[in-house]
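Participant: Can you read through this structure? Questions will come right after.
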Amino acid sequence: MRAKDVIHDHWPEYAIEAAGLGLFMISAGVAWTILDYPQWPIRGLIPDQLLRRALMGLAMGGTASALVFSPWGRQSGAHFNPAVTLTFLRLGKIAPWDAAFYVSAQFLGGLSGVLVVYAALGSAFGRPPVEFVVTVPGAGGQWIAFIAESGISFAMMLMILYTSNRIPLMRYTGLIAGMMIAAYVTLEAPLSGFSMNPARTVASALPSDDWRGIWIYFTAPIIGMLGAVDAYRLIVHESRVICAKLNHDTHRRCIFDCDFQKNGIDVPKLLDIEPPLPVRHPLSETP
């Protein structure tokens with residue numbers, strides 16, 4: 001299929017990916033400005049930095065979960081991250097043209113979200129310590145940041161692959177992802193700034209012109225998530241995955257190489273079966 005045909009057919013999914021990361025960046029930017037800008041009262045009321053990061057983590061994790069469970073996320077698959085999309089490309093679940101346009105949309109959407117916050121909040125968002133919620137290596141240096149980014153990306157994708165490919169667990173993928181993001185922001189952010197997403201880092205780096213350690217945020221998330229594919233295959237002794245959606249509990253269309261779709265399985269109906277099917281391979285005992 002030619003590029004213009006793919007765009008004509010799948011542009012709603014691309015628009016959703018852009019809007020989704022844009023909304024995530026708006027949530028992150030507004031929350032961190034409220035919590036950390038020195039001239040606003042919250043920083044004085046909550047002087048403990050760990051507690052402020054925990055609140056920030058709740059805001060970002062809650063936003064991520066809401067996007068996964070939203071009608072938009074149910075349609076596009078809720079990647080919102082080039083490293084996630086490239087992982088599913090490696091798994092053969094997303095076509096190359098779709099992957100290219102997903103990644104492009106994610107970069108454009110993330111930057112748009114940051115610019116919206118800057119237009120609304122001005123210098124409170126653009127000046128230190130908020131500074132466009134830029135992600136830079138922490139005091140431990142670039143290699144510590146690289147290891148941390150690789151580790152959190154690996155763990156996130158391993159969770160996504162495991163839960164989204166097991167019928168009793170798949171409805172919880174978005175919730176667990178949000179909880180992991182909340183924990184990462186709280187505990188890991190001092191090491192790398194918490195990115196796990198090249199498009200998210202570029203969205204902040206462009207207006208701030210702060211490119212410190214940029215190589216980390218382009219390599220570590222991709223290496224970590226691609227590495228999770230091999231770990232998943234070793235753990236479950238299975239090379240196939242069902243689909244590229246984080247949440248398939250939907251009747252919205254699926255543009256991926258989807259085993260549910262190929263087998264004519266109504267996922268919302270399947271997930272309503274009680275008790276949950278005790279499957280080893282996700283489709284081995286479906287009706």
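Here, each number is a calculation from the coordinates, and none is a lab measurement. If you're wondering where the values come from, they're calculated on a predicted model, not measured in any experiment. Cβ coordinates were reconstructed from backbone atoms using ideal geometry, including for glycine residues, and neighbour counts include every protein chain displayed.
Participant: Going highest first, how would you order 198-205, 222-229 by mean Cβ packing within 10 Å? Before the final figure, lay out each step's value.
Facilitator: Details: 198-205: 25.9, 222-229: 20.6.
Per-residue Cβ counts within 10 Å, averaged per peptide and sorted highest first, yield 198-205, 222-229.
Participant: Could you tell me the extents of the range 3-252's C-alpha atoms along the three principal axes, largest first, rounded to whole Å?
Facilitator: 51, 39, 32
Participant: Taking the alpha-carbon distance from residue 269 and a cut-off under 30 Å, which lysines remain once sequence neighbours fewer than 8 residues away in the same chain are dropped?
Facilitator: Here the lysines satisfying the reach criterion relative to residue 269 are 93, 245.
Participant: Here's a follow-up. Counting helices only, and only those DSSP H runs with n ≥ 4, report the 222 nm mean residue ellipticity of the chain as the sum of -39,500 (n - 2.57) divided by its residues, in deg cm²/dmol to the nearest 500.
Facilitator: Values: 14 runs with 190 residues, N = 287.
Dividing the helical sum by the residues of the chain leaves -21000 deg cm²/dmol.
Participant: For the chain, what does the relative contact order come out to in percent, with C-alpha contacts under 8 Å and a separation of six or more?
Facilitator: Working: 465 pairs, mean separation 76.1, N = 287.
The normalised contact order for the chain reaches 27 percent.
Participant: Between beta-carbons, use under 14 Å as the cut-off and find the net charge around residue 53, counting Lys and Arg +1, Asp and Glu -1.
Facilitator: Working: positive: 43, 52; negative: 36, 48, 188.
Taking every Cβ under 14 Å from that of residue 53, the sum is -1.
Participant: May I ask for the angle, rounded to the nearest 10°, between helix 142-164 and the longest principal axis of the chain, with both axes built from Cα atoms and the value confined to 0 to 90°?
Facilitator: It works out to around 30 degrees.
Participant: For residue 3 and residue 66, calculate 0.36 nm times their separation in residues minus their Cα-Cα distance, and state this gained length in nm to one decimal.
Facilitator: Values: separation 63, 0.36 × 63 = 22.68 nm, distance 3.09 nm.
Once the chain is fully extended between residue 3 and residue 66, it gains 19.6 nm.
Participant: Oh, and also: Just to check I understand the Karplus step: with θ = phi - 60° and J = 6.51 cos²θ - 1.76 cosθ + 1.60, what whole-Hz values come out for the range 87-104, glycine and proline as x?
Facilitator: For the range 87-104, the Karplus curve yields 5, 5, 5, 4, 7, x, 9, 10, 5, x, 5, 4, 4, 4, 6, 4, 4, 4 Hz.
Participant: To continue, here is another question. Find how much the distance from residue 238 to residue 142 grows on full extension, using 0.36 nm per residue of separation minus their present alpha carbon separation; answer in nm with one decimal.
Facilitator: Numbers: separation 96, 0.36 × 96 = 34.56 nm, distance 3.51 nm.
Taking 0.36 nm per residue and subtracting the Cα distance, the gain is 31.1 nm.
Participant: Using +1 at the Cβ of each Lys and Arg and -1 at the Cβ of each Asp and Glu in the range 3-252, identify which of 146, 185, 77 lies farthest towards the dipole's positive end.
Facilitator: Selected residue: 77.
Participant: Oh, and also: Distance from the Cα centre of the range 226-277 to that of the range 1-23, in angstrom?
Facilitator: Rounded to whole Å, the Cα centres lie 22 Å apart.
Participant: Calculate the dipole size of the range 3-252 relative to its Cα centre from +1 charges on Lys and Arg beta carbons and -1 charges on Asp and Glu beta carbons; express the result in debye to the nearest 20. Intermediate results must be reported in sequence, preceding the final value.
Facilitator: Numbers: 16 positive and 15 negative charges, 76 e Å.
For the range 3-252, the charge dipole is close to 360 debye.
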